[in-house]
Amino acid sequence: MAETDLIETFRAAGQGQVFEYFSELSATEQKDLLTEAQEIDLGEVSRLKRELIDAAGEGGLDLEGLAPAPYESRPEHGGDAEAWAEALQLGEAALRAGRVALFTVAGGQGTRLGFNGPKGTFPVTPVRSATLFQVFAEKIAAAGKRYGKALPWLMTSHQNHEATVAFFEKHACWGLDTERVRFFRQGRMPALDGDGKIMLSAKGTIAMSPDGHGGSLRALARSGSLDWLESQGVDTISYFQVDNPLVRCVDPTFIGWHLRRDSEMSSKMVPKAYAGEKVGHFCQQDGRAVVVEYSDLPAAMQEETDAAGNLRFIAGSIAIHILDRDFVRRLAEGGADFALPFHLAHKKIPTLDASGAPVNPTEPNGIKLEMFVFDALPFARNPVTIETPRQDDFSPVKNAEGVDSPDSCRADLLRQYARWANANGAGLEVDASGLPVVKFEVAPSFGYDEASFADQWRQSATPISIVDQTILA
Ligand code: UTP
């Protein structure tokens, strides 16, 4: 679109403020602003203003018929041991056949951690200080070796795209075949003020931010990544978040449950640690699977118990899924009735005041619009949810300190290593929380889950002794 036409379209849509300082900008700045403006779907922005801002306070979540979602309990909690064993076989066969790829969402801004750089470059392990990206790369390499088929790995990013790619190049993808690692950018959305006006972060820059992890699904299609997967015979996508190094990203049993049920989207649940835990809840409504955020589920429902005294809404979401490739394609191409909704979040957005001077707000002053991956669930055929032990799958690095911080995550990694080692007779001393007295590390090349660790341990020619700072690799 010609420059003047684009500016006129913004004016006609009531968004002329985007070009308020246009005449003050250099030719390059003008070009950059126009390029950014072109990314914006003004029709979508005005629809979201109507639906999310103008209608704020109306309705809220419809609780009619909302019930806890069924899930597959683990065998030790009464689940069907035969079905779990069958799932393992199926998943292993799919891995050996090369049907599975990994998909990491790493396009977030990581504001709570406050780390300078892509979150995946954060050093997380207790002895080697291996970064999140390195841990995943090593798990993927080890699993590829175990099943005799290299696993393709997809990653979405945005603001940090160049830095992410450069980091992988610097580390030569930790030995993974570079042809099988693919990066692509997710979409962005402009921040809006309370009147639905697009905000500027500087005179020549629109306040844009990534469109949420849900945006990564349409980006998978738009970037040609689904075709790329198809050309390699992959139909099953293992989805996880960049901030969770405990994740069993290559989990044959989970893959097997997904395939066994001919599911389009599968999920892992952990039993909530306590009624008010801040996780999404797996529910169902009108025969469809939904995840209801803790902020949307009334406290009384969060606390409801069944006849045995267990929480009714017990299934917490930990953002780990398996997605069917063609389901993602259908979602991306599906049009308005088959699209993920946007959610609105009030945030502090650096911007300009009326005189054009920069403002760094101390209170939320604008709205960010994001899509969430779990909103794909209601569209999925045969969604299946399985139980997983939290200690083996979930310990995210979200905050700089306290809960879900680097410290809590490192401690969880140490507990996991100690459990694996002690299950094989290492006899390590641990405290009441399972934390070993010695600090050591298990590199994924030695073991990336209980089974691979046990195999490696047994194969060792000499007895293994673990002391402070030992690295098993
Ligand atoms: P979070 O919701 O924890 O957001 O993302 P964040 O941006 O990493 O951190 P804060 O909220 O700013 O502190 C969960 C996962 O989803 C990815 C993140 O990279 C992380 O793996 N994500 C989030 C995206 O890929 N794109 C997004 O637009 C948002």
Which of the strands (runs of 3 or more DSSP E) found entirely inside the stretch 138-254 contain at least 2 residues meeting this: modelled with pLDDT of 95 or more? 153-157, 181-185, 188-190, 200-202, 236-241
Could you list, in sequence order, the residues of the stretch 259-275 that are of a type in the set (A, V, I, L, M) and either open to solvent by less than 10 Å² (accessible area, probe 1.4 Å) or closer than 15 Å to GLY91 by Cα (or both)? LEU259, MET265, MET269, VAL270
Can you name the residue in the stretch 102-120 that is away from the ligand (no atom under 11 Å from the Cβ) and under 23 Å from ALA219 (Cα atoms) and is also most open to solvent (accessible area, probe 1.4 Å) among such residues? GLY117
Given the criteria free of Cβ contacts under 8 Å to residues at least 24 places away in the same chain and buried (at least 17 other Cβ atoms within 10 Å of the Cβ), does ASP412 qualify? no
Can you find even one residue in the stretch 421-439 that is within 16 Å of the ligand (Cβ to nearest atom) and touching a strand residue (DSSP E or B) at 6+ places or on another chain (Cβ under 8 Å)? no
Scanning the stretch 276-295 residue by residue, those surrounded by 14 or more Cβ atoms within 10 Å (Cβ to Cβ) and in contact (Cβ under 8 Å) with a residue 60 or more places away in the chain turn out to be GLY280, HIS281, PHE282, CYS283, GLN284, GLN285, ALA289, VAL290, VAL291, VAL292
Of all residues in the stretch 210-258 being under 30 Å from LEU33 (Cβ atoms), buried (at least 22 other Cβ atoms within 10 Å of the Cβ) and among the polar types (S, T, N, Q), which is farthest from the ligand (Cβ to nearest atom)? SER225
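Conditions tested, residue by residue: (1) of a type outside the set (Asp, Glu); (2) closer than 24 Å to PRO396 by Cα.
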position	(1), (2)
PHE240	yes, yes
PRO252	yes, yes
ILE255	yes, yes
LEU259	yes, no
SER267	yes, yes
VAL270	yes, yes
GLU277	no, yes
TYR294	yes, yes
GLN302	yes, yes
Residues of the stretch 121-137 being open to solvent by less than 30 Å² (accessible area, probe 1.4 Å), outside any loop (DSSP other than H, G, I, E, B) and either more than 13 Å from the ligand (Cβ to nearest atom) or among the β-branched types (Val, Ile, Thr) (or both), in sequence order, are THR121, THR131, VAL135, ALA137
Say we look at the stretch 378-419 and pick out the residues that are among the hydrophobic types (A, V, I, L, M, F, W, C) and within 16 Å of the ligand (Cβ to nearest atom); which of these is nearest to ALA83 (Cα to Cα)? PHE394
Expected output for the stretch 65-84 (first residue open to solvent by 60 Å² or more (accessible area, probe 1.4 Å) and among the hydroxyl-bearing types (Ser, Thr, Tyr), partner modelled with pLDDT of 95 or more and not in a loop (DSSP other than H, G, I, E, B), Cβ below 7 Å, 6+ apart or cross-chain) is TYR71/MET269; TYR71/PHE282; TYR71/ALA315; TYR71/THR385; TYR71/ILE386; TYR71/GLU387
Selection count, the stretch 15-52, where residues are over 16 Å from MET208 (Cα atoms) and open to solvent by less than 30 Å² (accessible area, probe 1.4 Å): 4
If you scan the stretch 262-320, which residues turn out to be under 25 Å from GLU76 (Cα atoms) and of a type in the set (Lys, Arg)? LYS268, LYS272, ARG312
Looking at (1) in contact with a helix residue (DSSP H, G or I) (Cβ under 9 Å, 6 or more places away or on another chain); (2) modelled with pLDDT under 95, which is the one condition that is false for ILE322? (2)
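The values are calculated or read from the model by the stated rules, or taken from the named source; none is laboratory data. All values derive from a computational prediction rather than experimental measurement. With ideal geometry, Cβ positions are generated from the backbone for all residues, glycine too; neighbour counts draw on all protein chains shown. Protein only, heavy atoms only, side chains kept; ligands, DNA and RNA dropped before computing areas. Shrake-Rupley method; radii C 1.70, N 1.55, O 1.52, S 1.80 Å.
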